[in-house]
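Colleague: Sending over a structure as structure tokens; questions will come in a sec.
The values are calculated or read from the model by the stated rules, or taken from the named source; none is laboratory data. All figures in this text were calculated on a predicted structure; none of them were measured in a lab. Neighbour counts run over all protein chains shown; Cβ positions are idealised from the backbone, glycine included. The accessibility values were calculated without ligands, DNA or RNA, using every heavy atom of the protein model including side chains. Shrake-Rupley method; radii C 1.70, N 1.55, O 1.52, S 1.80 Å.
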Amino acid sequence: MSVDTSEVRRIAHLSRLAMNDDQARDFAGGLSDIFAFVEQLDGAAIEGVEPMAHPLDAEQRLRPDAVTEPDRREAYQAIAPAVEGGLYLVPRVIE
Amino acid sequence: MEWETVIGLEIHAQLNTVSKIFSGAPTAYGAEPNRQACPVDLGMPGVLPVLNQGAVERAVMLGLAINAEITPRSVFARKNYFYPDLPKGYQISQFELPIVGLGHLDIELEDGTIKRIGVTRAHLEEDAGKSLHEGFEAMTGIDLNRAGTPLIEIVSEPELRSAKEAVAYMKKLHSLVRYLDICDGNMQEGSFRCDANVSVRPKGQTEFGTRAELKNLNSFRFVERAINFEVERQIDLIEGGGTVVQETRLYDPDRDETRSMRSKEEANDYRYFPDPDLLPLVVDTAFVDRMRERLPELPDAKRARFVEQYGLSDYDAGVLTASREMGDFYEAVAAGCDAPKLAANWVMGEFSAAMNRSEVELADAPVNAEGLAGLLARIQDETISGKIAKEVFEAMWNGEGDADAVIEAKGLKQITDTGAIDAIIDEVMASNPQQLEQYRGGKDKLFGFFVGQVMKATQGKANPAQVNERLKAKLDG
């Protein structure tokens, strides 16, 4: 499987990543190489092997439903670029 | 051409845990912005999600209530999309292996028939924050209090065939989550939300038409209106030679129309993959059994029991079991007055009418179950008639005391003394000689006139059955 520059541009757009033509070409080449590497797995015999969702042979631990986090808004917002009335401000997004 | 509507619903129910699905921040509604958003909810680097057992329990309870398979090993996935109220850049959801598999829900159609609607799946996920676009110069305000609130998304099969069926399904599910007490069901606050996938096809065709996804349906009324509008739009479009485009459309209740949200189309590639921060969620049979024990009596079972135990009609039982609170209230009233049918009539009649008039919920009603039962007991023991009881009820509703106090204060006790009733009848007969003559001459219809006169003379307090009996004897005698 190879990736062309238009596919790279689409993914970059979905991820809101800026990219010039040179970079798009570089990434298309690099990603294609990665896919080719991973594609070797297509040759592996997987008959009877169960799909794996996580490499660790462990189960999700659950925590009791209890509030443990205090309100530390001021501390968290101290590092935000822009805040008003308790809200984080970002450049306007309109649907 | 005749068209058939095909609808599938995706319902998001907020699970009523006290803390978030992956963090220990509180979930209470209405806090000041960002007072309930911790580093996990804010998507800070280096934080890790830890799954809330309360959310898992509620999801399993829902699965059991819709007779679904509970997935023994379910997996969380990242659903990637870019929006500022989703600080991580992905929503943790479930994709290939949701916790709840195939189940079903029975709905009642308008003609009383039961239709079984398949539930494809239900999965756990986290809610996003809120964007506030108003009031900032070229900026958007982000409140992440809601980010990380646990949701269960319940996806139906495309088996609903009209807006009315869709509403019936949604109401049934709404009632169910409240019975289970896993979601508060508050639609104004967004605790129970609905998206609808709507398409049309020529009647008889088996392939589905192209669907539009309708968003922003936060009331039963909007669901019905939006679907009806969308069906008309699609039929007009196709009959006019056009084609339906697969897209997301937003319902605008002010204009009663759906509008395309073009910007979202392109982003519809979520690039799901298993979340490496979360291990597979294992739900064993012991866990499932514990949840099964926790299930309350469910609406359909309660309805059947009300028919059986109290001798109610299926319709009445349906009305009284629409919510768990109403069912409990009814049972308390019925037990308190030992007259189940009378209790049913009053709860559905006078009591519900008073709630509507005063626009109060059951929990805030000024007359409680004990109070209403006390009133009905006075009808049962013939202290007052049903008619006078309405007057007493109104006084109770207005805070004038319990039934006995109102009856005493207003002197409404029923006249059951035969001697007293006879005396009044004699008086009425004496003062209406003409009618008496006509009655005895064969004009039977005048019996009602005499009943009316006696009741008027006693201000409605005479026992109606006794009046009838004594009047009959005296008039004919």
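Colleague: Assign one of three labels to chain B, namely rounded, prolate or oblate, based on the Cα gyration tensor with a ≥ b ≥ c the square roots of its eigenvalues; rounded applies when a/c is under 1.5, prolate when it is not and a/b is larger than b/c, and oblate otherwise. Walk me through the numbers before you get to the answer.
Modeller: Numbers: a/c = 2.67, a/b = 2.12, b/c = 1.26.
Prolate shape, in that a/c is at least 1.5 and a/b is the bigger ratio.
Colleague: Next question, about the same structure. Please give me, ordered by residue number, the GluC sites (Glu not before Pro) of region B:201-270 that lie in loop per DSSP and have at most 10 other Cβ atoms within 10 Å. Spell out each step's value before the answer.
Modeller: On the way: sites: B:Glu207, B:Glu213, B:Glu224, B:Glu230, B:Glu232, B:Glu239, B:Glu247, B:Glu257, B:Glu265, B:Glu266; in loops: B:Glu207, B:Glu266.
Within region B:201-270, the qualifying GluC sites (Glu not before Pro) (loop, at most 10 other Cβ atoms within 10 Å) are B:Glu207, B:Glu266.
Colleague: Roll a 1.4 Å probe over the protein chains and send me the accessible area per residue for the protein assembly as shown in Å².
Modeller: Values: 29400 Å² over 572 residues.
For the protein assembly as shown, the solvent-accessible area averages 51 Å² per residue.
Colleague: Here's another thing I want to ask about it. DSSP loop (so not H, G, I, E, B), at most 14 other Cβ within 10 Å: list which GluC sites (Glu not before Pro) in region B:342-442 pass both filters. Walk me through the numbers before you get to the answer.
Modeller: Numbers: sites: B:Glu350, B:Glu359, B:Glu361, B:Glu370, B:Glu382, B:Glu391, B:Glu394, B:Glu400, B:Glu408, B:Glu427, B:Glu437; in loops: B:Glu359, B:Glu361, B:Glu382, B:Glu400.
Answer by residue number: B:Glu359, B:Glu361, B:Glu382, B:Glu400.
Colleague: Sort the protein assembly as shown into rounded, prolate or oblate with this rule: let a ≥ b ≥ c be the square roots of the eigenvalues of the Cα gyration tensor; rounded if a/c is under 1.5, and if a/c is not under 1.5, prolate when a/b is larger than b/c, oblate otherwise.
Modeller: Values: a/c = 2.61, a/b = 2.31, b/c = 1.13.
Cα axes put the protein assembly as shown in the prolate bin.
Colleague: Karplus couplings for region B:368-373 from phi (6.51 cos²θ - 1.76 cosθ + 1.60, θ = phi - 60°), rounded to Hz, Gly and Pro as x?
Modeller: 8, 4, 4, x, 5, 4
Colleague: Right, another one. With chain A treated as a Gaussian network of Cα nodes joined by springs under 10 Å, which of A:Glu84, A:Glu69, A:Glu59 yields the largest mean-square fluctuation?
Modeller: In the Gaussian network model the winner is A:Glu84.
Colleague: While we're here: Got a number for carbon plus sulfur as a percent of the protein assembly as shown's accessible area, 1.4 Å probe? Mind showing how you got there, number by number?
Modeller: Working: 14930 of 29400 Å².
Carbon and sulfur together cover 51 percent of it.
Colleague: Assign one of three labels to region A:2-95, namely rounded, prolate or oblate, based on the Cα gyration tensor with a ≥ b ≥ c the square roots of its eigenvalues; rounded applies when a/c is under 1.5, prolate when it is not and a/b is larger than b/c, and oblate otherwise.
Modeller: Details: a/c = 3.73, a/b = 1.28, b/c = 2.91.
Oblate shape, in that a/c is at least 1.5 and b/c is the bigger or equal ratio.
Colleague: Between B:Glu4 and residues 5 or more places away or on another chain, which pairs have amide H atoms under 5 Å apart, with H built 1.01 Å from N, and which residues are they?
Modeller: HN-HN under 5 Å from B:Glu4: B:Arg201, B:Lys203.
Colleague: Using the crude model of +1 on Lys and Arg Cβ and -1 on Asp and Glu Cβ, and no other charge, please compute the dipole size for region A:7-95 relative to its Cα centre, in debye to 20. Mind dumping the intermediate values first?
Modeller: Numbers: 9 positive and 17 negative charges, 107 e Å.
With only Lys, Arg, Asp and Glu charged at Cβ, the dipole is about 520 debye.
Colleague: Do you know which residues of region B:120-141 lose at least 30 square angstrom of accessible area in the protein assembly compared with their chain on its own, with a 1.4 angstrom probe?
Modeller: At a threshold of 30 Å² (probe 1.4 Å), the residues of region B:120-141 that become less exposed are B:His133, B:Phe136, B:Ala138, B:Met139, B:Thr140.
Colleague: Still on this model: If packing is taken as the mean number of other Cβ atoms within 10 Å per residue, what is the order of A:9-18, B:94-103, highest first?
Modeller: Details: A:9-18: 13.4, B:94-103: 20.8.
Answer by packing, highest mean first, reads B:94-103, A:9-18.
Colleague: Positive end of the dipole of chain B, charges at C-beta (+1 Lys, Arg; -1 Asp, Glu), about the Cα centre: which of B:Met1, B:Val198, B:Ala403 has its Cα farthest in that direction?
Modeller: In chain B, that residue is B:Met1.
Colleague: Quick one: buried accessible area between B and A, total over both chains, 1.4 angstrom probe, nearest 100 Å²? Display every interim value, and only then the final one.
Modeller: Numbers: alone 24130 and 9470 Å², together 29400 Å².
Separately minus together, B and A give about 4200 Å² buried.
Colleague: At 222 nm, what value in deg cm²/dmol follows for the protein assembly as shown if DSSP H runs of at least 4 each add -39500 (n - 2.57) and the sum is divided by all its residues, to the nearest 500? It would help to have the intermediate numbers written out before the result.
Modeller: Numbers: 21 runs with 226 residues, N = 572.
Result for the protein assembly as shown: -12000 deg cm²/dmol, rounded to the nearest 500.
Colleague: On to the next question. Under a 10 Å cutoff between Cα atoms, tell me which one of A:Ala44, A:Ala28, A:Ala80 has the largest fluctuation in the Gaussian network model of chain A.
Modeller: Judging by the Gaussian network model, the answer is A:Ala80.
Colleague: Indicate the residues belonging to region B:265-313 that lose 30 Å² or more of solvent-accessible heavy-atom surface (probe 1.4 Å) upon moving from the chain alone to the assembly of all protein chains, ignoring ligands and nucleic acids.
Modeller: Correct list: B:Glu266, B:Asp269, B:Arg271, B:Leu279, B:Pro280, B:Val282.
Colleague: Please give the average number of partner chain Cβ atoms lying within 10 Å of the Cβ of each residue in B:10-20, rounded to a whole number.
Modeller: Details: counts 0, 0, 0, 0, 0, 1, 1, 3, 3, 7, 3.
Mean number of neighbouring Cβ atoms from other chains: 2.
Colleague: Also, I was wondering about something else. Could you work out the longest stretch of chain B that avoids the trypsin sites (Lys or Arg not before Pro) located in DSSP loops with at most 10 other Cβ atoms within 10 Å?
Modeller: Longest run free of exposed loop sites: B:256-477.
Colleague: For region B:404-410, what does the Karplus curve 6.51 cos²θ - 1.76 cosθ + 1.60, with θ = phi - 60°, yield as ³J(HN,Hα) per residue in whole Hz, taken in order and with x for Gly and Pro?
Modeller: With coefficients 6.51, -1.76 and 1.60, one gets 4, 5, 5, 4, 5, 5, 9 Hz.
Colleague: Can you list the residues of region A:57-75 whose accessible area drops by at least 20 Å² going from the chain on its own to the full set of protein chains, with a 1.4 Å probe?
Modeller: In region A:57-75, residues shielded by partner chains: A:Ala58, A:Glu59, A:Gln60, A:Leu62, A:Arg63, A:Asp65, A:Val67, A:Glu69, A:Asp71, A:Arg73.
Colleague: Still on this structure: In degrees between 0 and 90, to the nearest 10, how far off the longest principal axis of chain B does helix B:285-294 point, with axes built from Cα atoms?
Modeller: Once rounded, the angle reads 30 degrees.
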